[in-house]
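Working notes, beginning with the structure itself.
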Number of protein chains: 2
Amino acid sequence: MTTFAEKLTRKVEVLQNPSLLGLDPNLSYIPGHLLDQAGQAGKQGADQVAAAFLAFNKAILQELQDLIGVVKFQSACYEQYGPAGLNCLRESIGYAKSLGYLTILDAKRNDIGSTASAYARASLAASPLPEDQSSSQTYAALDADAVTLNAYLGIDGIKPFLDACQALGKGIFILVRTSNPSAGDLQDLDLADGRKVYEAMADLVAQWGEDLDAGQKFSSVGAVVGATWPDQARHLRARMPRQIFLIPGYGAQGASAHDALAGLSEGRGGIVNASRSLMLAWQKEGTQGQDFAQATRRAALKMREDLLSAL
Amino acid sequence: MTTFAEKLTRKVEVLQNPSLLGLDPNLSYIPGHLLDQAGQAGKQGADQVAAAFLAFNKAILQELQDLIGVVKFQSACYEQYGPAGLNCLRESIGYAKSLGYLTILDAKRNDIGSTASAYARASLAASPLPEDQSSSQTYAALDADAVTLNAYLGIDGIKPFLDACQALGKGIFILVRTSNPSAGDLQDLDLADGRKVYEAMADLVAQWGEDLDAGQKFSSVGAVVGATWPDQARHLRARMPRQIFLIPGYGAQGASAHDALAGLSEGRGGIVNASRSLMLAWQKEGTQGQDFAQATRRAALKMREDLLSAL
């Protein structure tokens, strides 16, 4: 079976683009005409917002399919609109996959035992259905290609996801060093053995990657490493030679292309996320948003150029 | 406004019961007749499971309303059945609140900036709707009274939830020391200043509680402290004198009542979760589950007795 790491590496190489499209919609990001259309179709409340989110996502996914190969969906943005929002997330992931994108659910899930297994089923795999069911015996809620995780609870919370990597060719990205101002509250504390907390996390992640797929060039156990800390990213590459870095912080969060790519391994092994700078391109252009998807494409072309010239 | 901590303390005192009912259903926990009823009502697949989960939850909530005051819903169990599962979660929380329960969403959410805000809206508060909407201008996806969080990302990820505590009388429980075997992979590492990682987390949690509601007896910033480590719980009480402990690990995970209550403060300031030992009481009694809710009640009465005699 092709591993997630192989699929991702190939996508980036074929399209010559390490960009990761983030579809993390909020109501204020959506052009008015999409909300109007959903309203005219009889949708109200959360259903209206979810329908507009879906139309927004689909148009952007269609417009960028020859340009970007990997798309990330921020679960919170959809969860806030309840069952309708989750249905939009489910349909968005399915649509992205139908166009050939690799999909990452950005959910930062974490739990233990049977609950971690339920999260693995919810995000990457499938859940059992009653046995007398004549149709399919399992239900896949989201069926993303990969999911982001938080490993504060140790390997117990990661194991069910590793099983999905092994059995289904899926991937995970574990938070190591995040891009936010207060990331250091816990992550930067000094350990007695000379490491920082985030370095200990990096060592765990590297080890879990070895346990899963040692011998492969890149592991399907990836790491989230914020672009706002390029020195740390370079340093973390040495600790995690086989991890693919999911790199947030480029664009709206202030990191340059050079910063964002600091942790790559000979120009490989990383994908750089941009969410707001792509989704909100139409607002930056000062338009009413009729051509929002083309505006996103223009911003995505500029981003690719920016990243490739820094490589 | 009554704070979450006050509401919770009152519930525990009025009912003389520090038990926390965990409604964390999986398909194998559900008596066959509930699945049959959902099937006979025309539900299939995930809809059938979600309808059976809802009937299961409602019957137990009804049966225990004079006995237990706080209920916890494990998000993963519902998410695995997609939009139908999330709808079941939403209706279960609403039904529990209508019966007077305090509700905790066990979701261990974590993110930063605008995404943390979206999670706070999704779990505790409400999200905006299009402005021309004639009906309510916001949508509350779950509207739980409290939510569990993971603070690996520092205060940035916690702040929007503190705002909901302040403005809406809601509460949070932050993972400090979890109950699973590999909790120590990261949490037990020694820091250079002599603390363990989980002690540093405890100090952050205590500080955030001070920032929110110093002067109150108990804080609405609570802590998750696993019952399987009673020595640590006692020790953590000294570091977090004002935190309410959400204590997992009793029953199915092997901790005794004595272990579970080790971290309380003069018999107060903690709630002890039981999920499987209550939900699966009908299976332990060896029945077909026709009287599952009464079986749960019998197990809950025994649990209360066990806890009160250990106090």
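Structure above, values below:
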| item | result |
| --- | --- |
| Complete set of residues in region B:192-233 that are of a type in the set (A, V, I, L, M) and within 14 Å of chain A (Cβ to nearest Cβ) | B:ALA192, B:VAL197, B:ALA200, B:MET201, B:ALA202, B:LEU204, B:VAL205, B:ALA206, B:ALA223, B:VAL224, B:VAL225, B:ALA227 |
| Residue match in region A:43-59 (condition: surrounded by fewer than 17 Cβ atoms within 10 Å (Cβ to Cβ), without any contact (Cβ under 8 Å) to a residue 24 or more places away in the chain and not in a helix (DSSP H, G or I)) | yes |
| Extreme residue, nearest to B:LEU278 (Cα to Cα), among residues of region B:1-42 that are surrounded by fewer than 15 Cβ atoms within 10 Å (Cβ to Cβ) and within 11 Å of chain A (Cβ to nearest Cβ) | B:SER28 |
| Hits in region B:248-278 (condition: over 13 Å from B:MET303 (Cβ atoms), of a type outside the set (A, V, I, L, M, F, W, C), surrounded by 19 or more Cβ atoms within 10 Å (Cβ to Cβ) and at pLDDT below 95) | B:PRO248, B:GLY249, B:GLN253, B:ASP259, B:GLY263 |
| Selected residue (criterion: nearest to the chain's Cα centre (by Cα)) from residues of region A:156-187 that are surrounded by fewer than 19 Cβ atoms within 10 Å (Cβ to Cβ) and at pLDDT 95 or above | A:GLY169 |
| Region A:140-179: number of residues that are of a type in the set (Gly, Ala, Ser), within 13 Å of chain B (Cβ to nearest Cβ) and assigned to a helix (DSSP H, G or I) | 2 |
| Residue ranges of helices (runs of 4 or more DSSP H) in region A:62-136 with at least 1 members surrounded by fewer than 24 Cβ atoms within 10 Å (Cβ to Cβ) | A:82-98, A:113-123 |
| Residue within region B:97-116 that is touching a residue at least 24 places away in the same chain (Cβ under 8 Å), more than 8 Å from chain A (Cβ to nearest Cβ) and within 20 Å of A:ALA140 (Cβ to Cβ) present | no |
| Pair list, Cβ < 7 Å and 6+ apart or interchain, from region B:162-186 residues that are without any contact (Cβ under 8 Å) to a residue 24 or more places away in the chain to residues that are of a type in the set (D, E, K, R) and part of a helix (DSSP H, G or I) | B:PRO181/A:ASP156; B:SER182/A:ASP156 |
| Search result, residues across region A:14-31 that are touching a residue at least 12 places away in the same chain (Cβ under 8 Å) and either hydroxyl-bearing (Ser, Thr, Tyr) or farther than 21 Å from B:ALA118 by Cβ (or both) | A:VAL14, A:LEU15, A:GLN16, A:ASN17, A:PRO18, A:SER19, A:TYR29 |
| Qualifying helices (runs of 4 or more DSSP H) (wholly inside region A:192-293; at least 3 residues being under 29 Å from A:THR2 (Cβ atoms)) | A:197-213, A:230-239 |
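The values are calculated or read from the model by the stated rules, or taken from the named source; none is laboratory data. Small disclaimer: the values here were computed from a predicted structure and weren't measured. Quick reminder, even Gly has a Cβ in these numbers, built from the backbone with ideal geometry, and neighbours come from all protein chains shown.
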